[in-house]
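J.: Pasting a structure here, questions to come.
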Amino acid sequence: MAEGVQTDSVLRSELAEEHLKQWARWLEGDETLPPPGFITAGVRPDLQQLLLIGHSRGGSAANAVALKSAANASLPWRVRAQVLIGPTASFFDPPPALPTVVLLPGCDGDAFDLQGQSYLDRGRDLNVNNALRSAVFIHGANHNFFNSEWDPTTAAIPAASDDDAVGTFFRDSAPEGACAPDAKERLSGEAQRELGGFYIAAAGKAFVQGEASVLPLFDGSPVCAGPTCRTSIQTHALGGRRQPLLIPSVDTTLTPSEQVSVTQCFTSRDVEEAGACITPDMPTFSGLARTPHFLRQSIYGEDVTQAPARVALHMQWSTAAGAARIDASQPALRSGATDVTLRVIVPPAAVGTTFALSLIDSAGTSLPLGAAALSGVPANAGARTGVYWAQEVRFPIDLEAAAAAGFDVDAIQSLEIAPQSSSGRLWLLDAWSYAPGA
């Protein structure tokens, strides 16, 4: 099975490259293979301004093509951005140094571990660049309905298609929660394809045509437009004009309190290994957990232990008191920063996990940034369909006002998280100073 999956991904990427080679030959006037009419009558493509789109294993293939494009300037094409829809990550390749949008269906019953998230997480540590990488979590979407031929209501052969959310999550139980076929959160095939087309068009506007006004749809901003306003969608992002404030490591200094515990955990360790972020209560299917940030060391038989060991911070409390301090990785906020952003996971069943964030400078001066309340995803998650997925939390900051109040924005010592809810549990993946733009 492992070899078949990987061979399939390689063949798909090679097929895409063969199409690009043929396009290049046509543009050079080679009509050994005559171009079809819709090509000769259409707009002449610019192969130096490509947006690649891939669904499922096609997403893994698109990323492979983009990696080759980034590494080989002699190719007659140049990939500028990519949109990966419910992608597999057969080889756990990182994304290249270009904008990458990953659509994550909240009820994905095929790539049910949402392994496409790895294109962001691995890119954080393996690609030292500022390319914007965006994860778009679409509540109520399944894997298949982005493709009209995998939707029984539109497929030419309906028997060859199905609702993968039902077939995977509820094969041994009655459907319940957000991924049940009649749940108010569930999206029709038509709605999913409209969303997919919208995000593809928006990515083209933002990353190929350079229209900055479209960027908030991808950079973690709490905005919507068009069909995205008719459903529940969340985004978080890395890259762009973010500057690291905290990237947890084994050397990060942690100061818990009597009421709040905070410990390091390893994101790629299996549940039975000491220090693993993944825990036994996380939903699993076929040995894979619905924990896209805590993917185990191997998948499809491939050893990925050469990847950097990422660390997250696990926090717990049972009373709204105390605080935990975490030393910053870098002491200064980005010039022009408007917010401090965190990527935070709370359990799917959590409701109203609330905490306050403050920054502490080297002189001990505290700068309170406010509080945030998080509930688990997807909305109305059932016991089998919850996802441990990181939500982006933003805390506005006025750099000039902070400096006027005596806080040194260039000498940040630590972040302080103080519980506001009576109990809570979260995993902190990283923290950044954020400024708008790509």
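The values are calculated or read from the model by the stated rules, or taken from the named source; none is laboratory data. What you are looking at is a predicted structure, and each value in this text was computed from that prediction instead of being measured. Cβ coordinates were reconstructed from backbone atoms using ideal geometry, including for glycine residues, and neighbour counts include every protein chain displayed.
J.: Going residue by residue through the range 343-361, is there one that turns out to be out of contact with any helix residue (DSSP H, G or I) (no Cβ under 6 Å at 6 or more places or on another chain), within 25 Å of D113 (Cα to Cα), touching a residue at least 60 places away in the same chain (Cβ under 8 Å) and among the aromatic types (F, W, Y)?
T.: For the range 343-361, residues out of contact with any helix residue (DSSP H, G or I) (no Cβ under 6 Å at 6 or more places or on another chain), within 25 Å of D113 (Cα to Cα), touching a residue at least 60 places away in the same chain (Cβ under 8 Å) and among the aromatic types (F, W, Y): absent.
J.: If you don't mind, another one. Take the range 202-220 and flag every residue that is under 19 Å from the mean Cα position of the chain (by Cα), part of a helix (DSSP H, G or I) and either of a type in the set (A, V, I, L, M) or crowded, with 24+ Cβ neighbours inside 10 Å (or both).
T.: A202, A203, A206, F207, V214, L215, L217
J.: Can you go through S261, S249, S221 and tell me which one is of a type in the set (S, T, N, Q), within 21 Å of A372 (Cα to Cα) and assigned by TED's automatic domain parsing to the domain that holds H314?
T.: Working: S249 fails: within 21 Å of A372 (Cα to Cα); S221 fails: assigned by TED's automatic domain parsing to the domain that holds H314.
Going through S261, S249, S221 in turn, the sole match is S261.
J.: All but one of (1) closer than 25 Å to A81 by Cβ; (2) part of a loop (DSSP other than H, G, I, E, B); (3) β-branched (V, I, T) hold for T153; which doesn't?
T.: (1)
To keep it simple, each residue is scored yes or no on (1) buried (at least 24 other Cβ atoms within 10 Å of the Cβ); (2) more than 19 Å from P348 (Cβ to Cβ).
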{"position": "V102", "(1), (2)": "yes, yes"}
{"position": "F145", "(1), (2)": "yes, yes"}
{"position": "A160", "(1), (2)": "no, yes"}
{"position": "A165", "(1), (2)": "yes, no"}
{"position": "R171", "(1), (2)": "no, yes"}
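J.: List the number of the failed condition for G336; all other conditions in (1) in contact with a Lys or Arg (Cβ under 9 Å, 6 or more places away or on another chain); (2) at pLDDT 95 or above; (3) surrounded by fewer than 19 Cβ atoms within 10 Å (Cβ to Cβ) hold.
T.: Of the numbered conditions (1) in contact with a Lys or Arg (Cβ under 9 Å, 6 or more places away or on another chain); (2) at pLDDT 95 or above; (3) surrounded by fewer than 19 Cβ atoms within 10 Å (Cβ to Cβ), the odd one out for G336 is (2).
J.: A further question on this structure: Do you know which of the residues in the range 251-296 that are assigned to a loop (DSSP other than H, G, I, E, B) and β-branched (V, I, T) is modelled with the lowest pLDDT?
T.: V271
J.: Confirm whether L187 is buried (at least 17 other Cβ atoms within 10 Å of the Cβ), within 17 Å of the chain's Cα centre (by Cα) and aliphatic (A, V, I, L, M). Show your work before the answer.
T.: Working: buried (at least 17 other Cβ atoms within 10 Å of the Cβ): yes; within 17 Å of the chain's Cα centre (by Cα): no; aliphatic (A, V, I, L, M): yes.
Spelling it out, it is not the case that L187 is buried (at least 17 other Cβ atoms within 10 Å of the Cβ), within 17 Å of the chain's Cα centre (by Cα) and aliphatic (A, V, I, L, M).
J.: Consider P378 carefully, then state whether it is crowded, with 16+ Cβ neighbours inside 10 Å and either within 24 Å of P283 (Cα to Cα) or without any contact (Cβ under 8 Å) to a residue 60 or more places away in the chain (or both).
T.: Working: crowded, with 16+ Cβ neighbours inside 10 Å: yes; either within 24 Å of P283 (Cα to Cα) or without any contact (Cβ under 8 Å) to a residue 60 or more places away in the chain (or both): yes.
Yes, satisfied.
J.: If the requirement is being closer than 30 Å to R290 by Cα, modelled with pLDDT of 90 or more, small (G, A, S) and under 27 Å from the mean Cα position of the chain (by Cα), which of these qualifies: A66, A89, A97? Even if it seems obvious, please write down each step before you answer.
T.: Working: A89 fails: modelled with pLDDT of 90 or more; A97 fails: modelled with pLDDT of 90 or more.
None of the other options fit; the residue is A66.
J.: Tally up the residues in the range 17-47 that are assigned to a loop (DSSP other than H, G, I, E, B) and either of a type in the set (K, R) or surrounded by fewer than 11 Cβ atoms within 10 Å (Cβ to Cβ) (or both), please. Full working, then the answer.
T.: Start the filter on the range 17-47 by keeping residues that are assigned to a loop (DSSP other than H, G, I, E, B), which leaves 28-36, 41-47.
Next cut, either of a type in the set (K, R) or surrounded by fewer than 11 Cβ atoms within 10 Å (Cβ to Cβ) (or both) only: 28-29, 31-34, 36, 41-44.
Residues in the range 17-47 being assigned to a loop (DSSP other than H, G, I, E, B) and either of a type in the set (K, R) or surrounded by fewer than 11 Cβ atoms within 10 Å (Cβ to Cβ) (or both): 11 in total.
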